[in-house]
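These notes concern the structure reproduced below.
Values quoted throughout were computed directly from the atomic coordinates according to the rules given, and no laboratory measurement underlies them. Note that the coordinates shown come from a computational prediction; the quantities given were computed from them, not determined experimentally. Note: ideal-geometry Cβ built from the backbone for every residue, glycine included; neighbour counts use all protein chains shown.
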Amino acid sequence: MQIADHVFVVTGASSGIGLSTAEALAARGAKVALIARNTEALQELSARLPGSLAVTADVTDFPALTAAITEIHNHYGRLDGLINNAGRGYGASVETIDPQAFTDIFTLNVLAPIVGMQAVIPIMRAAGAGVIINGNSGTSFMTIPDYSVYSASKRALLGITQTARGELAGDGIVVSEVYPGMTATDFGRNRLGAGGDTTDYSVGDPPELVAELIVQAIEGGEAQYFVNDFLRKLAGA
């Protein structure tokens with residue numbers, strides 16, 4: 001799909017990969033709708049991106065997420081792409097997994113993208129075209145102590161994304177995944193749980209690199225995009 005003059009929704013747009021993706025899309029002439037919980041950060045970003053729209057919403061509040069998608073569609077009169085970027089990590093051994101934290105992680109990392117897709121699919125089907133990009137993780141292909149819940153959530157997202165890709169192909173809706181590696185964001189600082197290592201994420205790939213990968217996915221439409229050959233080999237791609 002071309003990017004210029006098209007409307008894209010980016011969740012988790014207030015920082016990190018989401019912010020960089022919004023900037024990359026706007027730089028290519030897109031109109032970008034920004035969804036996140038941080039109103040101030042969204043408004044600051046929107047002020048810099050011509051034609052953008054800031055909509056404060058918690059993607060785990062499913063009625064609010066659906067209402068945000070409706071508001072965006074009404075505002076622009078079209079909706080061409082959804083980038084499901086919002087997500088969070090969780091560090092805990094299997095022995096110490098907290099059931100509520102497990103539920104929170106799966107709600108954010110799996111159910112929120114599903115609800116987002118459900119909100120945009122009828123719009124895209126009516127238009128005969130659309131693109132959905134789900135942000136995944138290289139941990140989908142790894143077994144890492146203390147990260148079973150996070151990696152399991154991303155494996156679930158993998159299965160759902162690839163199933164949706166097949167289901168929606170006949171409607172002209174292209175569903176793809178993007179796999180970042182360790183990225184210089186607040187992922188480590190914002191994770192739930194006390195388990196896991198204390199990796200310094202500031203030494204990871206710049207979020208702009210992942211944003212460029214998302215741009216490639218929008219324009220290219222392949223099933224999976226990997227930020228490096230190591231992840232591609234892990235996936236057997």
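Brief remarks on what is shown
- Length added when fully stretched, E71-A126, from 0.36 nm per residue minus Cα-Cα: 18.1 nm
- Global form of segment 42-90, assessed from the alpha-carbon gyration tensor, a/c cut-off 1.5: oblate
- Distance between the pseudo-spin-label points of T39 and T143 (7 Å out from Cα toward the beta carbon): 4.8 nm.
- Packing-based ranking of 166-173, 88-95 yields 88-95, 166-173, ordered from highest to lowest mean Cβ neighbour count within 10 Å.
- Simple spin-label estimate for E219 and M1 in nanometres, 7 Å along Cα-Cβ: 1.6
- Count Lys and Arg as plus one, Asp and Glu as minus one, and take only other residues whose Cβ is under 10 Å from that of V7; the net charge is then 0.
- Dimensionless Rg over Rh [segment 88-138; C-alpha; Kirkwood]: 1.16
- Net charge contributed by nearby residues that have their C-beta within less than 10 Å of L53 (K/R +1, D/E -1): 0
- Simple Cβ-charge dipole of the chain, Lys/Arg +1 and Asp/Glu -1, about Cα centre, in debye nearest 20: 340
- Largest mean-square fluctuation among P207, P113, P50, in a Gaussian network model of the chain whose springs join Cα atoms under 10 Å apart, belongs to P50.
- Length gained when the stretch E208-D171 is fully extended (0.36 nm per residue, less Cα-Cα span): 10.2 nm
- Helices in the chain that qualify as membrane-span-like (whole DSSP H runs, Cα extent of at least 20 Å along the helix axis, mean Kyte-Doolittle hydropathy of -1.0 or higher) are 62-76, 112-127, 148-168.
- Taking one quarter of the surface of the C-alpha convex hull of the chain gives a mean projected area of 11.8 nm².
- Hydrodynamic radius by Kirkwood, which averages 1/r over all alpha carbon pairs of segment 38-151, in angstrom: 15.9
- In angstrom, the C-alpha Rg and Dmax of segment 117-189 are 14.6, 45.
- Since only A54, F102, L157 are under comparison, the one whose Cα sits farthest along the positive direction of the charge dipole of the chain, derived from C-beta charges on Lys, Arg, Asp and Glu, is L157.
- Positive-end ranking of V215, A127, T39 along the dipole of the chain, with charges on Cβ about the Cα centre, is headed by A127.
- Distance (nanometres) between label positions extended 7 Å along Cα→Cβ at Q118 and Q162: 2.4
- The slack in the chain from R28 to D58, taken as 0.36 nm per residue of separation less the alpha-carbon distance, amounts to 8.1 nm.
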